[in-house]
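Participant: This structure is in structure tokens; I'll ask about it shortly.
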Amino acid sequence: MAVRYVAVFFAFFVALMFSDALPAMADATHPTGAEIMDKMYTRPEGKDRNGTMTMALTNRENVKKVLTFKYYIKEYGRDKKSLIVFSEPEQLQGMGLLQYDNWDPAVEDERWVFFQERPDGTVNPAMNKGFLGSDFTYEEMGWRSTDEDNHKLLGEEVILDAPCWIVESTPKDAEHAYSKVVTWVNKDNLVYMKSLFYDREGNLLKKMTTSDIVKKDGYWTVYKTRMENVQKGHVTEYALQDIQHDTGLSDDMFAPSNIKGHLIKIDKSKK
């Protein structure tokens, strides 16, 4: 599901921002799992937003590396375009990720990674193997639409004093990386509080949690997101440094032809 789970991150890419003005559900007392996830995915986040984030990667030996990047997101109805450009460490400067996320499952999402040329004329290939070794897949750096999964409301639970719905989402695509994802959604503001990701064999693979959720520019903002791969003992933590909403980002910013560097399009099979 995404950031789209994270929207993450960018929302998680990220980090995610949410509005007070939440559309009413068909039955606010007894919503379906699909209704809850649809509202979570489509809550107002502003016409565009941009900010700075750090991504800390920690392995089983407790060795940590920290990366910093700028991100830009613009919405086109329910579709989104996003751009990530790394600034630190020095060897990753100018590298990044460009994504077009389409709400209609019938329209394929598009993703490109891009690299800067070294002084010797070679290209830094650091992003060829997954998203920089983080615990987020390329797909999770974008967004997921409600119709890509079957959703079931499992129950309710209070997390950090927040009443939450618990929703199980099963991908309709039998080839998807996960057999299911279980998400805890805050009833009051529709921020997701926790997600559990299960591998194709049905075993718990990853656990994602959010914290430091405050309102910025009228939108609920997740300032910290933690993803742990429980099978590998690896952790990725995103921390939002700053964010601005509705600044009027140009469409040209998201045009592949305007990206500096070597673009490589990621095929659909590379999750």
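The values are calculated or read from the model by the stated rules, or taken from the named source; none is laboratory data. No experiment lies behind these values; they were computed from the predicted model shown. Cβ coordinates were reconstructed from backbone atoms using ideal geometry, including for glycine residues, and neighbour counts include every protein chain displayed. Just so you know, the surface numbers come from the protein's heavy atoms only, side chains and all, with ligands and any DNA or RNA stripped out. Shrake-Rupley method; radii C 1.70, N 1.55, O 1.52, S 1.80 Å.
Participant: Where the accessible area of the range 157-254 is counted over protein heavy atoms with a 1.4 Å probe, how much of it, in %, is carbon and sulfur?
Facilitator: Using a 1.4 Å probe with all protein chains present, the range 157-254 comes out at 46 percent carbon and sulfur.
Participant: Figure the gain on full extension for residue 106 and residue 224 (residue separation times 0.36 nm, minus the Cα-Cα span) and round it to one decimal in nm.
Facilitator: That pair, residue 106 and residue 224, stretches by 39.3 nm at full extension.
Participant: Then there's this: How much of the pair distance distribution for the range 143-215 lies past 16 Å, counting alpha-carbon pairs only, in percent?
Facilitator: Roughly 50 percent, rounded to a whole number.
Participant: Continuing with the same structure: Two decimals is fine: what is log10 I(q)/I(0) at q = 0.11, 0.13, 0.19, 0.25 Å⁻¹ for the range 184-268, from a Debye sum with one equal scatterer on every Cα and no solvent?
Facilitator: Reported log10 I(q)/I(0), two decimals: -0.53, -0.72, -1.02, -1.10.
Participant: While we're on this one: Once you've got the Cα coordinates, tell me which of 180/265; 207/260; 206/260 are over 29 Å apart.
Facilitator: Pairs exceeding the cut-off: 207/260; 206/260.
Participant: Can you pick out the pairs among 47/216; 39/194; 80/224 whose Cα atoms lie more than 18 Å from each other?
Facilitator: The pairs that break the limit, which is 18 Å between Cα atoms, are 80/224.
Participant: Given 0.36 nm per residue, what is the gain on full extension from residue 215 to residue 61 after removing their alpha carbon distance, in nm?
Facilitator: Contour length minus the Cα-Cα distance gives 51.9 nm.
Participant: Any idea how far apart residue 247 and residue 158 come out in nm if each label point goes 7 Å out from Cα toward Cβ?
Facilitator: 4.0 nm
Participant: Moving on. What is the extension gain from residue 204 to residue 91, computed as 0.36 nm multiplied by their sequence separation minus the C-alpha to C-alpha distance, in nm to one decimal?
Facilitator: Full-extension gain reported as 37.3 nm.
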